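Okay, structure first, notes after.
The values are calculated or read from the model by the stated rules, or taken from the named source; none is laboratory data. Values in this document were obtained by computation on a predicted structure and should not be read as measured data. Cβ atoms come from the backbone with ideal geometry, glycine included; neighbour counts cover every protein chain shown.
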Amino acid sequence: MPIWNERVAVSEFSSTFTRQFTMENKLNGISLYIHLPFCESLCTYCGCNKKITTNHSVEDDYISAIIKEWNLYRSLMDDTPVIRELHLGGGTPTFFSANNLDRLLSAIFKTSVIHKQHEFSFEGHPNNTTEAHLETLYGLGFRRLSLGVQDNDPEVQRIINRIQPVENVRRVTDAARNIGYTSVNYDLIYGLPLQSVESITQTIQQTILSKPDRIAFYSYAHVPWTSKGQRLFDEHDLPSADEKLKLYQKGKEIFIEHGYCDIGMDHFALPTDDLYEASITGHLHRNFMGYTTQHTNILIGLGVSSISSTGNSFSQNAKTIHNYYDHIKNDVLPVEKGYFLNDEDIRFGKYILDISCRGKTTIEKVDWDIVEELCLSELLELEKDGLIILNGFEIQVTATGKSFTRNICSALDLYLQKNKINTGKRIFSNAI
Ligand SMILES: C[S@@+](CC[C@H](N)C(=O)[O-])C[C@H]1O[C@@H](n2cnc3c(N)ncnc32)[C@H](O)[C@@H]1O
Ligand code: SF4
């Protein structure tokens, strides 16, 4: 939980970026995240940064702005970038025509080298992902796709304003596999209004018939103060905390019964998927895009609201399209907030990464005092609940604890812990 600094100097970021890029590019390559914010209709539960419009003439300007942002980053690089990981997220990337996605990516690839072991993925909406999208992106090196399924129940779909016949999900999945995509992920959410154990059981039974290679089973995040669409349904229709836990447990039980492995942090994967292999061999990594099998320290986030990181800093782009365009028009990186990590941040970031990717960590001696002061009481509670085993300053997540990985990571989040002490609040994360 970094504390963003609203008054960051873009020049300071630019020089940090250049320094880190020079050290990292040849060694590990870089990751790219591109945020494509437009959607044709509003799903009322949605917590993402998106812009609803049916006017597709917005595509051209946005693609041109991203290419310009990429070129601003290119001017900070002293060598040709080696792209190892690339993810198109949103919003809805498949709102854009296949031709426009081709224009965007071809412009970026023209000035880069693609890493031998690259991993390219995109988020597709089952209602508007076409064969042309799948073919074009496959031709550009994409082998992974993630489909937003959420829930198949007609009543739930009605209340979340996302009418999406299960046939659409199957059509896109089958088409992707025929073309040669090797990993299909489905996003599901538990805790949505009107969901019941019966309805979610049916959604999950239907889901596993298509054998997605990965499943992200997200806890519904209710944040009506930032996501105004969530005010459109009655809070009484939301499951209680107890009911929500039952929804999660039911889902997990069915996934495990059908051969899925719990990777942690809401993610399940078939043993044939790379993510599982990486979780077993200790090569799993996590960044702002989620779990990955690639490990790069430089992540360039292009587009409105995207987050970038250099290993020792984070930055976030302008959150509104209007402000984003303003920066780009003036030939300046659209960075609006940022944070420079100190040595302690970097060590605690590593402990949290170890817990979320490898299920264990060892606290270095230099941090023992601060852990005792800020984290120990919460760690002891987690141990009492059977979620971790503490052996001195070694922390091991138990099998039960895997479902509570977020809570365990929160116990090591110094900013969160300091904030709790300052505000007198014991915020036990509602990770489930
Ligand atoms: C940015 S969306 C992109 C997917 C694409 N636009 C679609 O809807 O199919 C990525 C995922 O975030 C998840 N998501 C969005 N809002 C959420 C919320 N309030 N709580 C939990 N997960 C959420 C959904 O599962 C969604 O598929
Ligand atoms: S869930 Fe996807 S399609 Fe729906 S509003 Fe959010 S980003 Fe757009």
Among (1) farther than 19 Å from His125 by Cα; (2) of a type in the set (Ser, Thr, Tyr); (3) in contact with a helix residue (DSSP H, G or I) (Cβ under 7 Å, 6 or more places away or on another chain) - the single one Ser210 does not satisfy: (1)
Subset of the range 253-273 (residues that are farther than 17 Å from Ser356 by Cβ and either β-branched (Val, Ile, Thr) or in contact with a Ser or Thr (Cβ under 7 Å, 6 or more places away or on another chain) (or both)): Ile254, Ile256, Thr272, Asp273
Which of the numbered conditions does Glu69 fail, given that it passes all the others? Conditions: (1) in contact (Cβ under 8 Å) with a residue 24 or more places away in the chain; (2) in a loop (DSSP other than H, G, I, E, B); (3) not aromatic (Phe, Trp, Tyr). (2)
Some residue of the range 27-47 being away from ligand 2 (no atom under 15 Å from the Cβ), touching a strand residue (DSSP E or B) at 6+ places or on another chain (Cβ under 9 Å) and part of a helix (DSSP H, G or I): yes
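Which residue, of Ile215, Ile307, Ile254, Ile298, is under 30 Å from Tyr73 (Cβ atoms), touching a helix residue (DSSP H, G or I) at 6+ places or on another chain (Cβ under 9 Å) and hydrophobic (A, V, I, L, M, F, W, C)?
Ile298
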From the set of residues in the range 210-225 that are at pLDDT 95 or above and more than 16 Å from ligand 2 (Cβ to nearest atom), which is surrounded by the fewest Cβ atoms within 10 Å (Cβ to Cβ)? Lys211
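With respect to Tyr324, is the statement that it is without any contact (Cβ under 8 Å) to a residue 60 or more places away in the chain, buried (at least 19 other Cβ atoms within 10 Å of the Cβ) and of a type in the set (Ser, Thr, Tyr) true? Working first, answer last.
Values: without any contact (Cβ under 8 Å) to a residue 60 or more places away in the chain: no; buried (at least 19 other Cβ atoms within 10 Å of the Cβ): yes; of a type in the set (Ser, Thr, Tyr): yes.
In short, no.
Could you pull out the residue among Leu76, Leu36, Leu42 that is in contact with a helix residue (DSSP H, G or I) (Cβ under 7 Å, 6 or more places away or on another chain) and more than 15 Å from ligand 1 (Cβ to nearest atom)? Quick ask: steps written out before the conclusion?
Details: Leu36 fails: more than 15 Å from ligand 1 (Cβ to nearest atom); Leu42 fails: more than 15 Å from ligand 1 (Cβ to nearest atom).
None of the other options fit; the residue is Leu76.
Restricted to the range 160-188, and to residues that are closer than 18 Å to Arg231 by Cα and surrounded by 20 or more Cβ atoms within 10 Å (Cβ to Cβ), which residue is nearest to ligand 2 (Cβ to nearest atom)?
Kept after step one, since they are closer than 18 Å to Arg231 by Cα, are these residues of the range 160-188: 160-162.
Then drop every residue that is not surrounded by 20 or more Cβ atoms within 10 Å (Cβ to Cβ), which leaves 160, 162.
Working: Ile160: 9, Arg162: 6 Å.
Selected residue: Arg162.
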Of the conditions (1) of a type in the set (Gly, Ala, Ser); (2) surrounded by 13 or more Cβ atoms within 10 Å (Cβ to Cβ); (3) more than 16 Å from ligand 1 (Cβ to nearest atom), Ser57 fails just one. Which one is it? (2)
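Only residues that are within 28 Å of Gln157 (Cα to Cα), out of contact with any Asp or Glu (no Cβ under 7 Å at 6 or more places or on another chain) and of a type outside the set (D, E, K, R): list them for the range 53-76, please. Walk me through how you get there before you give the answer.
Looking only at the range 53-76, we keep the residues that are within 28 Å of Gln157 (Cα to Cα), and these are 53-56, 58-59.
Subsequent filtering for residues that are out of contact with any Asp or Glu (no Cβ under 7 Å at 6 or more places or on another chain) retains 53, 55-56, 58-59.
Thr53, Asn55, His56, Val58, listed by residue number.
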Entirely in the range 214-287, the strands (runs of 3 or more DSSP E) that have 3 or more residues that are free of Cβ contacts under 8 Å to residues at least 60 places away in the same chain: 214-219, 267-269
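Output the residues belonging to the range 384-395 that are farther than 12 Å from Ile363 by Cβ and buried (at least 16 other Cβ atoms within 10 Å of the Cβ).
Taking the range 384-395 and keeping what is farther than 12 Å from Ile363 by Cβ, we get 384-389.
Matches in the range 384-395: Leu387, Ile388.
Of all residues in the range 235-289, which are of a type in the set (Val, Ile, Thr) and surrounded by 15 or more Cβ atoms within 10 Å (Cβ to Cβ)?
Taking the range 235-289 as the starting set, the residues that turn out to be of a type in the set (Val, Ile, Thr) are 254, 256, 263, 272, 280-281.
Scanning the range 235-289 gives Ile254, Ile263.
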Does the range 62-71 contain any residue that is within 16 Å of ligand 1 (Cβ to nearest atom) and either of a type outside the set (S, T, N, Q) or touching a strand residue (DSSP E or B) at 6+ places or on another chain (Cβ under 7 Å) (or both)? yes
Of the residues Gly47, Gly89, which single one is within 16 Å of ligand 1 (Cβ to nearest atom), in contact with an Asp or Glu (Cβ under 6 Å, 6 or more places away or on another chain) and not β-branched (Val, Ile, Thr)? Gly89
Consider Thr54 carefully, then state whether it is within 15 Å of ligand 2 (Cβ to nearest atom), over 19 Å from the mean Cα position of the chain (by Cα), part of a loop (DSSP other than H, G, I, E, B) and without any contact (Cβ under 8 Å) to a residue 40 or more places away in the chain. yes
Of all residues being charged (D, E, K, R) and touching a strand residue (DSSP E or B) at 6+ places or on another chain (Cβ under 9 Å) in the range 368-398, which is nearest to Leu353 (Cα to Cα)? Just the residue, please. Glu394
Return the residues of the range 127-145 that are within 16 Å of ligand 2 (Cβ to nearest atom) and surrounded by fewer than 22 Cβ atoms within 10 Å (Cβ to Cβ); say none if nothing qualifies. Asn127, Asn128, Thr130
Answer yes if at least one residue in the range 97-120 is buried (at least 17 other Cβ atoms within 10 Å of the Cβ), within 16 Å of ligand 2 (Cβ to nearest atom) and within 25 Å of Cys43 (Cβ to Cβ), and no otherwise. no
